[in-house]
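A quick write-up on the structure given underneath.
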Amino acid sequence: MMKVRAIIAVILVLSFTVMLSGCGNSQTESKEKTQSKPKEMDPVKLFEEVVEATADPSSISCDFKVDLSIGEFTPQIEMGIESVLKPELSYHTMGTMLGIETEVIFTGGKEYVKIGETWTEATDAETAVATDELETELEAASIKNNLEKVKPYAKDGIVEEKEGYYQFELEANEELIAAIEEKSSGDLSPGTDVVGISDVSYEYKIDKETFLPMEQKMNMTIEIMDGSEVTENRQTVTAENIRYNDVEEIKAPI
């Protein structure tokens, strides 16, 4: 259970980090606020609209996929994620991780893992560890914080107008890659170091009326040293069907 919980925590945090420019497909107040705004703009203006449209969500949901390439090993993670951020954190994840079907609910300070057809409640000690880790990681990976970090680089993005949405693409420069390396180093376990990060790029489909990204993809190559061994990891993280403020409560399964 501890291993499953650790993987789920990483997936949840990564999904928020991938949403660093506020991916979403909201049907709530944001649309009313932004639908009358101009549709032609440069990358900086577009990014500013995204920041405004995705401010302070109460919940985030998405379909989340990670494709990894580590030598000849090509694991894949596909998850559906629902998370409520206010008044307190709760989440529900369900999908396939490394070929294993998994479902986890965290709500009311308790964690529940589905094994086969049976739900099991984690011990208080396990839940306490999971809660502390998640609160620390979510604070570091908050949408608002990450938006402010990426905003200065929006000027390097390219915007192409499509039917119903804007296509926004950004290739990370050396300064942004350095910031990613610093954040990644802090997330790794003791004895593990980031040797280098390269080929970082972001792609967004942004709704023309709401200015909320409908899809987001991030590509990155990262070299990690574990002891004396260096491993190159190529990853593609995709977030689709992202919704804001559509989940009010996540209930305990038992």
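The values are calculated or read from the model by the stated rules, or taken from the named source; none is laboratory data. As the structure is a computational prediction, the values presented were derived from the model and not from experiment. Cβ atoms come from the backbone with ideal geometry, glycine included; neighbour counts cover every protein chain shown.
Note on the stretch 46-67: among residues that are of a type in the set (A, V, I, L, M) and farther than 20 Å from D156 by Cβ, the one that is surrounded by the fewest Cβ atoms within 10 Å (Cβ to Cβ) is A55. Just one of the numbered conditions (1) closer than 25 Å to K208 by Cα; (2) out of contact with any helix residue (DSSP H, G or I) (no Cβ under 6 Å at 6 or more places or on another chain) is not true of V44: (2).
Residues that are in contact with an Asp or Glu (Cβ under 7 Å, 6 or more places away or on another chain) and of a type outside the set (S, T, Y) number at least 2 in the following strands (runs of 3 or more DSSP E) confined to the stretch 74-120: 76-84, 90-97, 110-115.
Kindly evaluate T118 against the criterion of being at pLDDT 90 or above, farther than 22 Å from Q235 by Cβ and polar (S, T, N, Q). It is true that T118 is at pLDDT 90 or above, farther than 22 Å from Q235 by Cβ and polar (S, T, N, Q). Only residues in the stretch 72-94 that are without any contact (Cβ under 8 Å) to a residue 12 or more places away in the chain count as the first member; pair them with residues that are of a type outside the set (G, A, S) and surrounded by fewer than 17 Cβ atoms within 10 Å (Cβ to Cβ), Cβ under 9 angstrom, at least 6 apart or cross-chain, and list the lot. Qualifying pairs under 9 Å: T74/D67; T74/L68.
Test each condition in (1) under 30 Å from T120 (Cβ atoms); (2) surrounded by 15 or more Cβ atoms within 10 Å (Cβ to Cβ); (3) charged (D, E, K, R); (4) at pLDDT 90 or above for E248 and report the one that comes out false. Of everything listed in (1) under 30 Å from T120 (Cβ atoms); (2) surrounded by 15 or more Cβ atoms within 10 Å (Cβ to Cβ); (3) charged (D, E, K, R); (4) at pLDDT 90 or above, E248 misses just condition (2). Note on the stretch 86-109: residues that are modelled with pLDDT of 85 or more and crowded, with 16+ Cβ neighbours inside 10 Å amount to 11.
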